[in-house]
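The values are calculated or read from the model by the stated rules, or taken from the named source; none is laboratory data. Note that the coordinates shown come from a computational prediction; the quantities given were computed from them, not determined experimentally. Here the Cβ positions follow ideal geometry from the backbone for every residue, glycine too, while neighbour counts run over all protein chains shown. Surface areas here come from the heavy atoms of the whole protein model, side chains and all, with no ligands, DNA or RNA. Shrake-Rupley method; radii C 1.70, N 1.55, O 1.52, S 1.80 Å.
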Amino acid sequence: MKLQNEKLQNEKLVLLLLAAIQFTTNLDFLIIMPLGPQYMRVLHITPAQFNSMVAAYAIAAGISGVTAGFFLDRFDRKTALLWLFLGFAIGTLFCALAPTYHLLVAARAIAGMFGGVTGAVILAIVGDVIPENRRGAAMGLVMSAFSVASIVGVPLGLVLASSFDWHMPFYAIAGISAPILVAVMRCVPPLRGHLEHAREEHPAARMLAVLMEPNHQMAFLFMAVLTCAGFIIFPTMATYMVFNAGMTEKQLPFIYLAGGSATVFTMNWIGRWADRAGKRRVFTYMSLAACVPILALTNLGHVPLAAALGVSTLLMICMSGRFVPAMAMMTATVESKYRGGFMSVNSSVQQFSCGLAAWISGAIIGQNEKQEITHYPVAGLVSVGCVLTCIWLARFVRRAEGDLAPAPVFAETV
């Protein structure tokens with residue numbers, strides 16, 4: 001009993017540290033979007049150029065994810081996580097130092113190159129360490145870092161940007177990455193359970209095994225459409241709320257404060273619900289619910305602040321609520337020995353989809369002489385189409401055989 005309690009405590013500590021890393025990478029990605037109006041004003045760029053900045057991170061992460069998929073399963077998960085997180089922190093520092101739009105786009109690509117694969121390693125660790133029957137709750141805890149980033153990080157980042165300039169949030173993110181890196185070095189045990197068979201196959205053969213498995217292919221398609229559903233509308237949301245819904249730039253933090261405060265509770269609750277009721281069923285319910293706020297927000301006119309916050313908060317609850325059971329389903333589709341490569345490719349699919357969705361969104365939307373965003377309702381309809389397609393695709397995502405028990409990581413190290 002004592003050993004079991006120690007194991008659970010160690011699991012929770014690792015999950016909290018993974019959530020801390022997720023917090024910094026999510027904040028780095030999130031902080032760009034509400035700063036859209038400021039970037040457009042200070043850097044004299046168009047909405048399409050701003051979406052290109054968002055896409056640069058995603059496309060770079062996609063390319064690096066494919067590359068990492070060849071060899072990620074050949075290393076201790078902890079070692080891979082440390083080096084990737086260090087690269088992400090350096091890339092974020094380059095963002096803070098970038099003096100022009102083009103150098104900022106390049107720095108975003110560097111941050112994405114490491115940040116995207118960092119997320120893949122985190123998900124692989126959760127899949128390796130946490131058994132399938134508790135993985136929904138674990139995913140809810142790790143992914144609630146998105147909510148904390150929304151509650152604390154984004155409003156604080158916006159305050160720093162308005163008080164100083166847009167460089168300051170990136171300095172802050174790079175600064176908080178350092179103590180997290182040290183904590184992971186000291187507290188996370190070696191994670192080598194997947195290495196038993198890792199070197200029995202050539203990296204190219206392992207990648208081919210990941211890519212040619214029909215269940216994996218369906219999972220990748222599912223993730224691509226899942227990601228597109230959100231990123232058709234999210235990059236433009238803050239700009240739309242300012243130019244069309246009547247919010248001011250100083251009021252934008254309230255969107256992330258309200259949405260994050262709600263989702264920090266709902267994501268954990270949805271994770272536990274998915275473990276009890278079934279991940280596919282909960283995913284379907286949350287996806288259907290998401291269609292309502294998608295259509296409401298993308299057709300929002302000039303409304304009171306309370307109405308704007310109500311719609312945006314409901315959107316964040318429903319959209320993030322889809323991801324918790326979806327990611328638990330994804331980690332269960334692959335055997336542990338292939339999980340690092342699989343999640344790396346999955347990260348690439350996700351990031352390429354972000355870039356593609358941002359590009360599609362940039363092609364759909366426009367801006368009139370009053371600076372109002374146009375054709376946003378069309379983007380909303382495309383998003384709903386992706387959501388409904390995901391519900392159908394989820395029926396074909398199957399759990400891999402033998403994915404019930406984790407590797408005995410903590411039993412060996414306590």
> Restricting attention to region 347-393, and to residues there that are surrounded by fewer than 23 Cβ atoms within 10 Å (Cβ to Cβ) and polar (S, T, N, Q), which single residue is farthest from residue 45 (Cα to Cα)?
Replying inline: 389
> Inside region 49-64, can you point out the residues that are closer than 15 Å to residue 104 by Cβ and not aliphatic (A, V, I, L, M)?
Replying inline: 49, 50, 51, 52, 57
> Is it true that some residue in region 99-107 is at pLDDT 85 or above, in a helix (DSSP H, G or I) and of a type outside the set (A, V, I, L, M)?
Replying inline: yes
>> Exactly one condition in (1) at pLDDT below 80; (2) open to solvent by 10 Å² or more (accessible area, probe 1.4 Å); (3) not in a helix (DSSP H, G or I) is false for residue 44; which is it?
In response: (1)
> When region 297-310 is examined, which residues are found to be under 26 Å from residue 391 (Cα atoms) and either open to solvent by less than 30 Å² (accessible area, probe 1.4 Å) or assigned to a loop (DSSP other than H, G, I, E, B) (or both)?
Replying inline: 297, 298, 299, 300
>> So, in region 100-119, how many residues would count as being under 23 Å from residue 40 (Cβ atoms) and under 20 Å from the mean Cα position of the chain (by Cα)?
In response: 7
>> Only one of 92, 100 is surrounded by 24 or more Cβ atoms within 10 Å (Cβ to Cβ) and of a type in the set (S, T, N, Q). Can you tell me which?
In response: 92
